[in-house]
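**Student:** First the structure, which I've put down as C-alpha cells, then a few questions once you've had a look.
The values are calculated or read from the model by the stated rules, or taken from the named source; none is laboratory data. These numbers come from a predicted model, not from an experiment. So basically every Cβ, Gly included, is an ideal-geometry build from the backbone, and we count neighbours across all protein chains shown. For accessibility, only protein heavy atoms count, side chains too; no ligands or nucleic acids. Shrake-Rupley method; radii C 1.70, N 1.55, O 1.52, S 1.80 Å.
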Amino acid sequence: MSAPQPPAAPGLRIATIGGVPVHLGWSWFLLAAVITFVFGRQLSESTSAGYLIGVGYALVLLVAVLVHEGAHALAARSFGITVHRVVADFLGGHTAFESAGLSAGRSAVIAAAGPGANLALALGAWLAHLVVADGVAGLVLSGIIWINGLLAVFNLLPALPLDGGQLLEAGVWGATGRRSSGMVIAGWGGRILTVGLAYWVLVRPVLAGQSPSMFSVAWGLLLGSVIWRGASRSIAVGRVRGLMEGRSVRSVATPVILVPPHTPVSEIAWGSAAVLVLDPSLGLLWAGHPAPEVPAATPVSAVSSPVPATAVVTAGPEADLWSIVPAIQSTGTVVLVDSGQVWGAVTTSGLNEALVRPRA
C-alpha cells in the first residue's frame, strides 16, 4: 500500500536507501512467528528442515514487501515527490510520501509500481524453478513465486486502501477531473471487499457444512478491519474534498491588516480582518482583540502571540483550497503568503462556515 504521509511509524530502522529510511515495524516479528509456525508445521512432515524453511518464507515475505514498497518509493521519487519512509509491518507495509505534485497519471504509476515489482520477482523465481525444482531450493523458489504472486494479485484488487483501489481512484480522477469521486468510489470498493472477505472466511465454510477455521477467521477479521477503516477514511476524506474542489483559497480567506508592534490598540480598526504584527525581532505575531479593561495606549504587541512557522503557507489567492488543508489541520489557523507578501488568513471555523455556504 502507498499513502500520502501517515503518522510516524514505530519500529526498527534497518536501512536508508537514497536518503529514504526503511523501517521494520515491531509487529512484523509477530507475523514472522506466525508464518514460521504455520509453514514449518506443514513442511516438517516432508523435510526435517521444515521450520527452518518457514523462517525462510518469513524472510521471503519481508523481501517481497520491501521490494513492493521500495518500488512505490522509486516511482514517487522519479516524479520529484518527497518520500518520507518505507515501512514493513504485520499487515504488509506502506510508503509515506507527500501528496503535493500528484496527478491522476502519477498516482496510477506509483500505485502500479509495487504490484509490478512483485510480479517481476515471481516471474524470475518461476524461471529459476524451471531449472531447480527439487529440494530445499525448489521449496524456497516456490515460496517466492506464491508469496510475490499473491501479494501482487491481492494488492491489485480495486479497493482502497490497496494499490488496486488507488488505480481505480486514479482512473475515476482522470476521467472526471474529480479526485474526490475516485476516493469515494474506490473506498466503497474497500467496503465491498471487506464484506466479501467476511463471507469467504465465515459464511462459505458454514454453507459447505464445515466449521470455519479459527486461524482464518482471526486473520480475516484483522485484515478486514484494517481495510474497512482505510476505506471508510477514504470515503470521508473524499466527501470533504468534494466540497472543496473548484474552490480557491480566496473564497475562504480573511483579509489581514499588518501593523507595527508599537501601534496602540485604540488605533487599530478591529473588525472582520485579521490583525498581524510585523515585529523586526520576533517576526510575525497574531494580535488578539484586547479586553475592555486594556488601556487604549497599550502597544498591540502586548496582546499578540507568535505565529508558528508551520502556520505560514505559501499560496496565492487562486490556489486550490485543498492545498492548504494539511496546514490548517496542524495549526488551526494559517497565514497566507504570495510572492513574499502576506495577503490573507484562514481559520478552521472560517473554512467550515465557507464550506456550508452555497457556492457563488
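**Student:** Quick one: which residues, 5+ away or cross-chain, put their amide H under 5 Å from the amide H of LEU157? H built at 1.01 Å from N.
**Tutor:** Residues meeting the amide H criterion: GLY164.
**Student:** Along the range 273-281, what does the Karplus equation 6.51 cos²θ - 1.76 cosθ + 1.60 (θ = phi - 60°) give for ³J(HN,Hα), rounded to whole Hz, x for Gly and Pro?
**Tutor:** Computed from phi, the couplings for the range 273-281 are 6, 7, 9, 10, 10, 9, 9, x, 9 Hz.
**Student:** Relative to the first principal axis of the alpha-carbon coordinates of the chain, what is the inclination of helix 104-131, with its axis defined by its Cα atoms, in degrees from 0 to 90 and to the nearest 10?
**Tutor:** 20 degrees
**Student:** Considering only DSSP beta bridges whose two residues both sit in the chain, what percent are antiparallel, to the nearest 5?
**Tutor:** 70 percent
**Student:** While we're here: Out of [x] 192; [y] 146; [z] 134, which label holds the value of volume of the Cα convex hull per residue in Å³ that was computed here?
**Tutor:** Among [x] 192; [y] 146; [z] 134, the one calculated here is [x].
**Student:** In a Gaussian network model over the chain where Cα atoms closer than 10 Å are linked, find which of LEU30, LEU167, LEU141 has the largest mean-square fluctuation.
**Tutor:** It is LEU30.
**Student:** What is the spin-label model distance, in nm, from ILE14 to VAL34 if the labels are put 7 Å beyond Cα along the C-beta direction?
**Tutor:** About 1.7 nm, to one decimal.
**Student:** Scan around ALA345 for amide H atoms under 5 Å from its own, H built in the peptide plane at 1.01 Å from N, and keep only partners 5 or more places away or cross-chain.
**Tutor:** Excluding prolines and chain starts, which carry no amide H, the hits are THR254, LEU336.
**Student:** With everything on Cα atoms, drop me the angle between helix 27-43 and the longest principal axis of the chain, reported from 0 to 90° to the nearest 10.
**Tutor:** Once rounded, the angle reads 10 degrees.
**Student:** Oh, and also: Full-extension gain between ALA319 and ARG229, please, as 0.36 nm times their residue separation minus the C-alpha to C-alpha distance.
**Tutor:** Taking ALA319 through ARG229 to full extension adds about 29.3 nm, to one decimal.
**Student:** Continuing with this model, one more query. What angle, in degrees between 0 and 90 and rounded to the nearest 10, separates the Cα long axis of helix 163-176 from the longest principal axis of the Cα atoms of the chain?
**Tutor:** 50 degrees
**Student:** Let me ask something else. Where both residues lie in the range 193-337, what percent of DSSP beta bridges are antiparallel, nearest 5?
**Tutor:** Within the range 193-337, antiparallel bridges account for around 55 percent of the total.
**Student:** Put one equal scatterer on each alpha carbon of the range 269-360, apply the Debye formula with no solvent term, and list log10 I(q)/I(0) at q = 0.14, 0.25 1/Å to two decimals.
**Tutor:** Scattering profile of the range 269-360, log10 relative to I(0): -0.58, -1.40.
**Student:** If you count only protein heavy atoms with a 1.4 Å probe, what accessible area per residue comes out for the chain, rounded to a whole Å²?
**Tutor:** Averaged over the residues of the chain, the accessible area is 50 Å².
**Student:** Let me ask you something else. Ignoring ligands, DNA and RNA, what percent of the accessible area of the chain is carbon or sulfur (1.4 Å)?
**Tutor:** Here it works out to 67 percent.
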